[in-house]
Amino acid sequence: MPINAVMAMLYFRKGAKVQNLIHNLKYNGKTEVGILLGNLLGERLKNAPIYQDIDLIIPVPLHQKKLKLRGYNQSTFIAEGVSAKMEVSFSENILVRAISTESQTRKSRYNRYENMKAVFKINKPENIKEKHILLVDDVITTGATLEACANTLLENGAAKVSIAALAFAE
């Protein structure tokens, strides 16, 4: 898949401080952690030449059922922080998760990839046409979700897709 650039700011390891930060953001309503870490991530991206021509920031979406259950999408708060530092707008309504999938945490790389095919859809493809999209997520594990999102964006007219995450998992 032709990804322009990928970066993660932190290393996610079970039992470490990064896991605690991200779990507080994701499961304990500490959305300010997402904005703060997004600001730090955005500062790094703003100074990286390969991320200079970003047109739009899009957080990895949650399915409506999970969004309703959790009350928020942690990636949206990260994207908000990145957006503020990079001075690039973000939208959480263009890329949508059309199909609810079961948890990926115990799946193999191949099963994660298969589980994510055709899960995402684009609202208003004209909003991404010929644009360089920055896809933002909390943690990169196998990359299956990000790959599915990026493929959907590219198939619907995005010129380039870059990826930024708070952390990558071992």
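Got at least one residue in the stretch 13-36 being modelled with pLDDT of 95 or more, open to solvent by 30 Å² or more (accessible area, probe 1.4 Å) and touching a strand residue (DSSP E or B) at 6+ places or on another chain (Cβ under 7 Å)? So far as the stretch 13-36 goes, no, none of its residues is modelled with pLDDT of 95 or more, open to solvent by 30 Å² or more (accessible area, probe 1.4 Å) and touching a strand residue (DSSP E or B) at 6+ places or on another chain (Cβ under 7 Å). When we screen Pro61, Pro2, Pro49 for residues that are in contact with an Asp or Glu (Cβ under 8 Å, 6 or more places away or on another chain) and not charged (D, E, K, R), the only hit is Pro61. Would you check if there is a residue in the stretch 108-128 being out of contact with any Leu (no Cβ under 7 Å at 6 or more places or on another chain), surrounded by fewer than 16 Cβ atoms within 10 Å (Cβ to Cβ), at pLDDT 95 or above and closer than 18 Å to Tyr51 by Cβ? No, the conditions are met nowhere in the stretch 108-128. Could you tell me whether Ala169 is of a type in the set (Gly, Ala, Ser), open to solvent by 30 Å² or more (accessible area, probe 1.4 Å) and at pLDDT 90 or above? No; evaluated as a whole, the condition is false for this residue.
In the stretch 67-78, the residue that is most open to solvent (accessible area, probe 1.4 Å) out of those that are farther than 17 Å from Leu21 by Cβ and among the hydrophobic types (A, V, I, L, M, F, W, C) is Leu69.
Taking the stretch 139-161 as the range and being of a type in the set (Asp, Glu) and in contact with a Phe, Trp or Tyr (Cβ under 9 Å, 6 or more places away or on another chain) as the test, only Glu147 passes.
Of all residues in the stretch 2-29, which are assigned to a loop (DSSP other than H, G, I, E, B), charged (D, E, K, R) and either in contact with a His (Cβ under 9 Å, 6 or more places away or on another chain) or in contact (Cβ under 8 Å) with a residue 60 or more places away in the chain (or both)? Once the filter is applied, which keeps residues that are assigned to a loop (DSSP other than H, G, I, E, B), charged (D, E, K, R) and either in contact with a His (Cβ under 9 Å, 6 or more places away or on another chain) or in contact (Cβ under 8 Å) with a residue 60 or more places away in the chain (or both), the stretch 2-29 yields only Arg13.
Do you know which residues across the stretch 147-170 are in a helix (DSSP H, G or I) and closer than 27 Å to Arg13 by Cα? Within the stretch 147-170, Glu147, Ala148, Cys149, Ala150 meet the criteria. Of all residue pairs spaced 6 or more apart or on separate chains, those with beta-carbon atoms under 6 Å, a first member in the stretch 53-66 that is more than 15 Å from Leu154 (Cα to Cα) and open to solvent by 30 Å² or more (accessible area, probe 1.4 Å) and a second member that is of a type outside the set (D, E, K, R) and in a strand (DSSP E or B) are Asp53/His132.
The values are calculated or read from the model by the stated rules, or taken from the named source; none is laboratory data. If you're wondering where the values come from, they're calculated on a predicted model, not measured in any experiment. Because the Cβ atoms are built from the backbone with ideal geometry, glycine has one as well, and the counts that use them run over all protein chains shown. The area values use the complete protein model at the heavy-atom level, side chains included, leaving out ligands, DNA and RNA. Shrake-Rupley method; radii C 1.70, N 1.55, O 1.52, S 1.80 Å.
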